[in-house]
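These notes are about the structure you will find just below.
Computed from the coordinates by the stated procedures, all read-outs in this text should not be read as laboratory data. Everything numeric here is computed off the predicted structure, so don't read it as measured data. Positions of Cβ are backbone-derived with ideal geometry, glycine not excepted, and every protein chain shown enters the neighbour counts.
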Amino acid sequence: MISRLRALRRTLFHGDQLDNDLNEELHAYVELVSAEKVRGGMSPEEAYRDTRREMGGAEQIKQRVRDIRSRALLDRLVQDVRYALRQMQKSPGFAVTAILTLALGIGANTAIFTLVHAILLKNLPVSDPKALVRVGDHEDCCILNEAASSREGSYSIFPYETYKYFRENTTEFEQLAAVQAGGADLSARQAVGNAVSHSSRGEFVSGNYFQTFGVRPFAGRSLMATDDADGAAPVAMLSYQAWQRDYAGDPSVIGGSFLMNTHPVTIIGVTPQEFYGDRLSEAPPDFYLPISQEPILGFYSARNKTNLGWLFLVGRVKPGVAIGSLQEKMSGLLRQSLGELKDFQTAQGRELLARAHVVLTPGGQGVAHMQHRAQSSLYLLMGLAGMVLLIACANIANLTLVRGIARRVETSVRMALGAGKARIVRQMLTESVVLASLGGVAGLLVAYGGTKLLLGLMFTQATVMPVDAAPSLPVIGFAFAVSLLTGLIFGVAPAWISSKEQPANAMRGANRSTRDQSSLLQRSLVILQAALSVVLLIGAGLLGKSLNKLQHQNLGLEAENRVIVDMNPLKAGYKPERLDGLYQQIEDTFHAMPGVEHVGLTLYTPLNGDTWSFYAYVQGQGVPDPGHDANTLFNRASPEYFKAVGQQVLRGRTFTPADTATSQGVAVVNQAFVKKFFKRNEDPLGKHFGVIDIKNSGDFEIVGVVEDTKYQSARDQPDAMVFTPMLQSAHLSPSKDLDSSLYAGQVVLHMKSLRPGLEEQVRKTLASIDPNLSVDHYQTFEKQIEGNFSGERMIARLTLLFGILALVLAAVGLYGVTAYGVQRRTQEIGIRMALGSSRGSVVGMVLRGAMLQTAVGLVIGVPVALVCVRSIKPVQAQLYEVVGRDAGVIAAAVCTLAFAASIAGIIPARRAASIDPAKALRTE
Amino acid sequence: MSPSQFDLLQGTLDVLILKALALQELHGMGISRRISQMTGGAFDVKAGSLFPALHRMEEAGWLRSTWGESETNRRAKFYSLTRAGKKQLQSETERWEQISLVMAAALGSS
């Protein structure tokens, strides 16, 4: 095989080498013949001429030799492949089993690799992505107070002022762009006739955004720096996808006028089809708007706030720039820029400032949020799929071995007839590789289906699927490489065994022997399968249990018979002074709907993916020590809100209609807040606090305590949280600015029961209050909570799927080996039974053998599983309140495997017991 | 009929090359001279048929080649028999013996 490969390589890649050798060989010949002629008396010239004449055309000889060499090579390859295909035709059952097994194994791996490639390995579809640099190393979103937004001093999200400061004081970037960390809610409609409005997603970007990425527009023109200047005419770029989806690719949209959140904006161009923004996302922006429009179209006036981080930065560096020194320089600039803020002029602030720095990371993938989020899950799945493939390999190696042994006589005859060992090994390996290649082709089909399935599980809410399921060139290459490797792995053992074959042994009638090396190898393979499948089963059990615990934990709420309605009065053009009337109208109108028990309004409901967080200052406690975590989640609640989401009130009261914008500020806090901000025996009721600034610490009086409810994440313990009435100011922004925290984002309806047609009714009801007020999103509370577990559910389901696959493969493997053993020991068993062994003892004997292998597999597999769970980070990250040595899960996995093994063993065992001794002894 | 005008029977050249290499390794010209010597000058193998045959037989696994030095101190390619080559020589020799016996008997009887 090796020499063969070398010959192949020589012909394919070193044709010159072959030619040189041939040249030299012929030269030597000519010289030797001439020398002989000279010795015979000719002159050297004459001798040389004579020899050349005798020899004929040297080129013709060379061509013939070359033809022979390459044809021989090709012939042998074709011959081997043909032989392999013929062998497969002879036993189609084996071929089909093997190809199907491989298709599943290779398909699973390829499907997951498709995701790994598309999500983790691919760069943005922009020009020269390698020159892009991200300023920052994390993706904490979306609007953060600068003093609170760093992770151990590392800043990734910046105010507009800091971005400008960076841009003005660096020369290393060709372009440095800023992009909004979160998204902008837009209600967009064409400003012609009575066009319908679309609930769209916008992103505010700096004017040089498209220049930075080197992206040319599909139609119209791109945003430019001048569009981002103060007082510039309001313009936007439309994404190709949204153009096709919402506007049917209508060319009149380009250059057309739009109303966005009631403000006029001109569309100047459409982005190219393949461009999906600065990050891989389920919901890429529909509109790209210049940052200068943010104070008008957005709700936070973030552009004008120097202490609010809301921008991610991506730049294109000039060739030859040293990233290390640029990072140093920018960290210095950051400290200068932040140092201007009064947040950083306190003792605590100065401490923070000293540690402030930026980390420059490769920006080819843009804002790599999805990459960082999916990474560990994908690697975990990759490992699991690899294990399944390994089990499949072991299975096919076993099948091949069994066949190899059945073909012993044939092999021995061939060897006795002079076929070299190398040739036999090569033949066996060719068969394996051909088989694996067929499996690989079938695997690509499995992968295509599998990827679609995976994408559906992964991106449940996607408006635009960020990953294409169709196999790309690297994916096909991967499948091919895996097939080749697989073929070699499962082909090597059988090939090695048959090459050690002593022809004489086989010819002498090896069918009578009871023991040989291959059976030991077979058993080891079965043990390996059992061990791997128990690892997978334990993994599946742990993840399943973890998911179950996540779903059935006490979240501190009641989700049954509740629906959540997203709306945005800001988009509908409401001024703060009209909100009180609106909220009352919403409560009254919905209460008039039949079957409604409670109507709650709030900024955000538990586990909907949104939170607001501020520093809390409790009256009389002074400024917290530097480095002390004084953060609290901030939310607003209408009087019925707590009943609507089922959050229990533990002490005091909740809000009433008497808690208005002008009455005494009141707040309800959760237990975690009490624990975080008050001493053990201190009574929180009656205490005052405020957020953002110590001078606000008299704002709210604590009037009630509610239970801890998980708002931010279903995994983590609930953080401290405060609720205030909908309309009481918390001094979040200077009084002249709009306070967007007054605008309710979600309405919770607690119903007697969820009846069909409710959604339609809710939409109509809201529209009856104000036609401009649209339902942005409608789902049940249970669905909203379930959405938090989609990743976990996908991993748990896939692991279970892989575990079942592994179990079936291992059982089939065990069955195959045991059945084969019984067949070979027919005579031995016949003799035993003739000598008086009972059927029961024969069954016992066969079954014992099978169970022993399983047991050894378990003894190896269980500790391996424990070590894996403990030491592999992605596994650890997945588990929720479940430890690796969960006795129940381990016991269940062991029992499942034992059960499958006993079924795989009992069938051949019963066949063994039904052997008729007389017949058995008569057969050869 | 001049001896050099023998038409080489199919496979004759191969067996002659195998035989020529039975005792020692030889380079191309050496093989040609050895065949000539073995057949009393009846076969004079020309380069045009010798080299393709040598390469074909090497591909078939009967011969192996190494670079060495000729008697005139020149780098030359030497051929020798592999195990498969020796087996092949043996079975070919048996076959030829049989053919010649059968042919002699057939043509000799009248």
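Some points to look at:
- For the stretch A:885-899, the residues whose amide N sits under 13 Å from a probe point set 7 Å from the Cα of residue A:870 along the beta carbon direction are A:885-886.
- Rounded FRET efficiency, nearest 0.05, which uses the C-beta distance separating residue A:823 from residue A:715 and R0 of 45 Å: 0.25
- For the stretch A:629-662 and the stretch A:174-244, distance of Cα centres in Å: 38 Å
- Applying the Karplus relation 6.51 cos²θ - 1.76 cosθ + 1.60 with θ = phi - 60° to the stretch A:117-124 yields 3J(HN,Hα) values of 5, 5, 8, 8, 9, 7, 8, 4 Hz, where x marks Gly and Pro.
- Spin-label proximity, residue A:464 to the stretch A:196-213 - amide N less than 16 Å from point 7 Å beyond Cα toward beta carbon: A:199-205, A:210, A:213
- Folded to 0 to 90 degrees: helix B:47-59 orientation relative to chain B principal axis, Cα: 80 degrees
- For the listed peptides A:767-778, A:839-850, a ranking on the average number of other beta carbons within 10 Å per residue, highest first, reads A:839-850, A:767-778.
- Under-5 Å amide H pairs with residue A:651, H placed in peptide plane, nonlocal only: A:705
- The mean number of partner chain beta-carbon atoms within 10 angstrom of a residue's beta-carbon across peptide A:64-70 is 5.
- Karplus (6.51, -1.76, 1.60) ³J(HN,Hα), θ = phi - 60°, over the stretch A:235-242, in Hz, Gly and Pro reported as x: 9, 8, 9, 9, 6, 4, 4, 5
- Taking every residue in A:437-447 and counting other chain Cβ atoms within 10 Å of its Cβ, the average works out to 0.
- In this structure, residue A:191 and residue A:661 have a Cβ-Cβ separation that, at R0 = 51 Å, corresponds to a calculated FRET efficiency of about 0.90.
- Virtual spin-label span in nm between residue A:881 and residue A:552, 7 Å along Cα→Cβ: 1.1 nm
- Between residue A:612 and A:634, the built amide H atoms are under 5 Å apart, and every one of these is 5 or more places off in sequence or on another chain.
- In the stretch A:859-924 the Cα-Cα distances spread across 10 Å bins starting at 0 as 17, 30, 19, 14, 11, 8, 1 percent of all pairs.
- Too-long pairs where the Cα-Cα distance tops 26 Å, listed order kept, from A:90/A:452; A:643/A:687; A:90/B:86; A:122/A:783: A:90/A:452; A:90/B:86; A:122/A:783
- Base-10 log of normalised Debye intensity for the stretch A:767-822 (one unit scatterer per alpha-carbon) at q = 0.31 Å⁻¹: -1.07
- Each principal axis of the protein assembly as shown carries a Cα extent, and these read 137, 90, 59 Å when sorted largest first.
- Nonlocal amide H pairs with residue A:597, under 5 Å, H built at 1.01 Å: A:750, A:751, A:752
- Cα Rg, Dmax, the stretch A:644-711, angstrom units: 12.3, 34
- The label-point distance for residue A:345 and residue A:754, in a model that sets each label 7 Å from Cα toward Cβ, rounds to 5.3 nm.
- Cα gyration tensor shape for the stretch A:538-689, rounded if a/c is under 1.5, else prolate or oblate: oblate
- In nm, spacing of pseudo-spin labels at residue A:282 and residue A:39 (7 Å Cα→C-beta vector): 8.9 nm
- Within 10 Å of each Cβ in B:44-56, the average number of Cβ atoms from other chains: 6
- For chain A, calculated [θ]222 nm from helices alone, where every DSSP H run of n ≥ 4 adds -39500 (n - 2.57): -17000 deg cm²/dmol
- Förster radius 56 Å - calculated FRET efficiency between residue A:273 and residue A:682, Cβ distance, rounded to 0.05: 0.35
- Tensor-based shape of the stretch A:304-399 (alpha-carbon gyration tensor, a/c under 1.5 rounded, otherwise prolate or oblate): prolate
- 3J(HN,Hα) along the stretch A:325-330: 6, 5, 4, 4, 4, 5 Hz, from the Karplus curve 6.51 cos²θ - 1.76 cosθ + 1.60 with θ = phi - 60°, whole Hz, x for Gly and Pro.
- A viscosity of 1.567 mPa s and a temperature of 4 °C, combined with the Kirkwood radius over Cα pairs in Stokes-Einstein, give a translational diffusion coefficient for the stretch A:731-775 of 98 µm²/s.
- With coordinates expressed along the principal axes, the C-alpha atoms belonging to chain B extend over 56, 32, 21 Å, beginning with the largest.
- Two-decimal ratio, the stretch A:722-815, of alpha-carbon radius of gyration to 2.2 N^0.38 Å: 1.91
- By the Cβ distance rule of under 4.7 Å, the protein assembly as shown has these cysteines without a partner: A:393, A:868, A:895.
- Secondary-structure-derived ellipticity at 222 nm for chain B, considering helices only, amounts to -17500 deg cm²/dmol, per-run term -39500 (n - 2.57) for DSSP H runs with n ≥ 4.
- Among the listed pairs A:571/A:695; A:37/B:19; A:130/A:342; A:421/B:19, those beyond 29 Å (Cα-Cα): A:571/A:695; A:130/A:342
- Highest-MSF residue in chain B out of B:35, B:99, B:17 [GNM, Cα springs under 10 Å]: B:99
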